[in-house]
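Trainee: Questions regarding the structure given below will be posed in turn.
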């Protein structure tokens, strides 16, 4: 056998020491920025745009330089395409542009170092890139918060060598419009020349007129601005452009302001689009951006500050940013499940608004939440007609609602005729608005009509089959995989709560309550398995569930209050949610309830499970389902925010206002501080 030679241990130790000393020290992972989401690597094949919006106008990003994927306006609907029902309309793509450098129009394949960054604090999206060795380019989109129908694109070009640039503002008409008309005007004033690129068109049925107008904003003194040229390409697209020579090292800036409005918003949208654009042009970029920043600073006075989980902080800011972006005070609009991020779900309003988004907005910004209950109040009469058509009393709200308030669910979906819990969801939001604001004048004028009419609906909807058996039969459950079932847990409990709140409102207002309301509430059954677990519906045998149902009885309905029962129902139903294909809200409720029960590990698990598997690149936007591709799912954001606010933060909406319950932070979190809560803008904190 050969002789084995072992190295000298002292020499081995020395070599190891020298090797470790020469090795680079590990670099600490960079903490996520709480206010900024940056996409350093953009893959157009796996790109899910982010939206800058102001509660009326939504501008959706594109991975292509100077392009905008879509422009969406709240409240703009017509019938076309899917399901013979009202659909959201794309507006004119008023912030699309192009840039030519030395006669070559830039495209995605021509640029390097392409990156985009969403600034959530001031609601802007900045894109930067290099073009060969000739220029570095940056542009930023804004949906101006102070001007609901106006957007701004601010552009900066830095020449690396002497170049000639040509910049264009392009007005595209979306496919669904017809009878498009294009206009170009130049208005001379002593201190400015206004170039107006304007288009109008009719929606598919002619119901709406959609209009948009843009103008360049230059920094040069009047008389020294570049000459603007108009080009008409075809009936669906025209543009205005200018050219400018740049010296090496020179930075040139310009902007485009544009307004989009329809006849749903104004009786004269064509002239109003131009008036609003002229207003923005003469306000000037600095004033526009200063007012925009102030408006967002005011919104962020209501904030959630997390210590101990930097990624959760960024994600929670993103959720708040999107809910703030998709809603607005002073309107009668309510956001759809996808907000203003596109045409998802036709832009319709579901329980997603009333039950999932509304509570978070209510405690953070009651003035925004007021618009959402105003939306329902303004459509109370169609809800009365809907009840009448189905043989019931009172008001029966539609499962899918658009501008008119009539049922807008496509006929192939059974949720339209049967998902009746929406009526109680609307009533719950109305009652919660009163609870938070304590506004009795509003309760009398608008809350009471909603609460009393919906209570009348449930009193007529039940089938009176003896004491304790005022059954609610043949419904689609909150768990929508359960169709045409009897005595669904959430529907029955929500009806009870609706009836009780109507009676409570009558007492507060010294109005006569229908004595039948409380009688009916006391006789609506809630079913249980032999072991005491709440049964989802009369024929439920333990199958998988699409989304939360029974667990909503503990929150937000507060019908199940005993901790032992809450735990029992959680333990049973948390195992019934499939790992894929279900909406993002259910796990958020699990996280909320476990926090209130004192289980930080479970709270952390379900908080993360509620949204992390749903995130899409490159901006961590939330899809509706795990592995889904239809962002931005504002419903899911609303659910997770409720987990943070009402679970981890302990906030509780009570008849006498917002209170704070004992709660437990998710494992790993050190503290949560919630600012600007309720009408008094209070601060609440929880520390470990």
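Trainee: Return yes when residue 138 is more than 25 Å from residue 302 (Cα to Cα), more than 28 Å from the chain's Cα centre (by Cα) and not assigned by TED's automatic domain parsing to the domain that holds residue 316 and no when it is not.
Mentor: Criteria not met by residue 138.
Trainee: Identify the residue in segment 367-390 that is surrounded by fewer than 19 Cβ atoms within 10 Å (Cβ to Cβ) and free of Cβ contacts under 8 Å to residues at least 40 places away in the same chain and, among all such residues, is nearest to residue 431 (Cα to Cα).
Mentor: Per the stated criteria, the residue is 367.
Trainee: Among the numbered criteria (1) at pLDDT 95 or above; (2) crowded, with 18+ Cβ neighbours inside 10 Å; (3) within 15 Å of the chain's Cα centre (by Cα); (4) closer than 21 Å to residue 60 by Cα, which single criterion is violated by residue 618?
Mentor: Unmet for residue 618, out of (1) at pLDDT 95 or above; (2) crowded, with 18+ Cβ neighbours inside 10 Å; (3) within 15 Å of the chain's Cα centre (by Cα); (4) closer than 21 Å to residue 60 by Cα: (3).
Trainee: Considering each of 504, 493, 489 in turn, give the residue that is within 35 Å of the chain's Cα centre (by Cα), under 21 Å from residue 426 (Cβ atoms) and either surrounded by fewer than 23 Cβ atoms within 10 Å (Cβ to Cβ) or free of Cβ contacts under 8 Å to residues at least 12 places away in the same chain (or both).
Mentor: 504
Trainee: Tell me, yes or no, whether segment 282-293 has at least one residue that is in a helix (DSSP H, G or I), out of contact with any strand residue (DSSP E or B) (no Cβ under 8 Å at 6 or more places or on another chain) and touching a residue at least 40 places away in the same chain (Cβ under 8 Å).
Mentor: Here is the first cut: in segment 282-293, the residues in a helix (DSSP H, G or I) are 282-283, 285-293.
Going one step further and asking which of them are out of contact with any strand residue (DSSP E or B) (no Cβ under 8 Å at 6 or more places or on another chain), we end up with 283, 286-287, 290-291, 293.
Imposing the further condition that a residue be touching a residue at least 40 places away in the same chain (Cβ under 8 Å) reduces the set to 291, 293.
Yes, segment 282-293 contains at least one residue that is in a helix (DSSP H, G or I), out of contact with any strand residue (DSSP E or B) (no Cβ under 8 Å at 6 or more places or on another chain) and touching a residue at least 40 places away in the same chain (Cβ under 8 Å).
Trainee: Which of the residues belonging to segment 255-275 are farther than 24 Å from residue 98 by Cβ and touching a residue at least 40 places away in the same chain (Cβ under 8 Å)?
Mentor: Matches in segment 255-275: 261, 262, 263, 264, 265, 269, 270, 272.
Trainee: Any chance you could count how many residues in segment 189-219 are more than 30 Å from the chain's Cα centre (by Cα) and assigned to a loop (DSSP other than H, G, I, E, B)?
Mentor: The total comes to 3.
Trainee: Which is in a loop (DSSP other than H, G, I, E, B), on the phi < 0 side of the Ramachandran plot and either in the same structural domain as residue 453 (by TED's automatic domain parsing) or surrounded by fewer than 20 Cβ atoms within 10 Å (Cβ to Cβ) (or both), of 413, 424, 430?
Mentor: Values: 424 fails: in a loop (DSSP other than H, G, I, E, B); 430 fails: in a loop (DSSP other than H, G, I, E, B).
Step by step, each of 413, 424, 430 is checked, and only 413 is in a loop (DSSP other than H, G, I, E, B), on the phi < 0 side of the Ramachandran plot and either in the same structural domain as residue 453 (by TED's automatic domain parsing) or surrounded by fewer than 20 Cβ atoms within 10 Å (Cβ to Cβ) (or both).
Trainee: If you scan segment 633-684, which residues turn out to be touching a strand residue (DSSP E or B) at 6+ places or on another chain (Cβ under 8 Å), part of a loop (DSSP other than H, G, I, E, B) and more than 28 Å from residue 549 (Cβ to Cβ)?
Mentor: 669, 670, 678, 681
Trainee: Right, next: Condition test on residue 46, is it surrounded by 10 or more Cβ atoms within 10 Å (Cβ to Cβ), at pLDDT 75 or above and closer than 30 Å to residue 183 by Cβ? Steps first, answer last, please.
Mentor: On the way: surrounded by 10 or more Cβ atoms within 10 Å (Cβ to Cβ): yes; at pLDDT 75 or above: yes; closer than 30 Å to residue 183 by Cβ: no.
Spelling it out, it is not the case that residue 46 is surrounded by 10 or more Cβ atoms within 10 Å (Cβ to Cβ), at pLDDT 75 or above and closer than 30 Å to residue 183 by Cβ.
Trainee: So which residues in segment 203-257 are under 24 Å from residue 180 (Cβ atoms) and loosely packed, with under 15 Cβ neighbours inside 10 Å?
Mentor: Listed by number, the residues that qualify are 205, 206, 229, 231, 232, 233, 234, 235.
Trainee: A further question follows. Would you say residue 222 is part of a strand (DSSP E or B), in contact with a strand residue (DSSP E or B) (Cβ under 9 Å, 6 or more places away or on another chain), in contact (Cβ under 8 Å) with a residue 12 or more places away in the chain and assigned by TED's automatic domain parsing to the domain that holds residue 149?
Mentor: no
Trainee: Among (1) touching a residue at least 40 places away in the same chain (Cβ under 8 Å); (2) outside any loop (DSSP other than H, G, I, E, B); (3) over 17 Å from residue 58 (Cβ atoms), there is one condition residue 609 misses while meeting the rest; what is its number?
Mentor: (1)
Trainee: Looking only at strands (runs of 3 or more DSSP E) that lie completely in segment 63-154, which have at least 2 residues being without any contact (Cβ under 8 Å) to a residue 40 or more places away in the chain?
Mentor: Once the strands (runs of 3 or more DSSP E) in segment 63-154 are filtered for at least 2 residues that are without any contact (Cβ under 8 Å) to a residue 40 or more places away in the chain, what remains is 111-119, 124-131, 135-143.
Trainee: With the requirement that a residue be surrounded by 20 or more Cβ atoms within 10 Å (Cβ to Cβ) and in contact with a helix residue (DSSP H, G or I) (Cβ under 9 Å, 6 or more places away or on another chain), what does segment 115-128 give you?
Mentor: 118, 120, 123, 124
Trainee: Restricting segment 466-518 to residues that are touching a strand residue (DSSP E or B) at 6+ places or on another chain (Cβ under 7 Å) and part of a helix (DSSP H, G or I), which is nearest to residue 535 (Cα to Cα)?
Mentor: 489
The values are calculated or read from the model by the stated rules, or taken from the named source; none is laboratory data. All of these numbers come straight from a predicted model, not from anything done at the bench. Please note: Cβ atoms are built from the backbone with ideal geometry, for glycine as well, and neighbour counts cover all protein chains shown.
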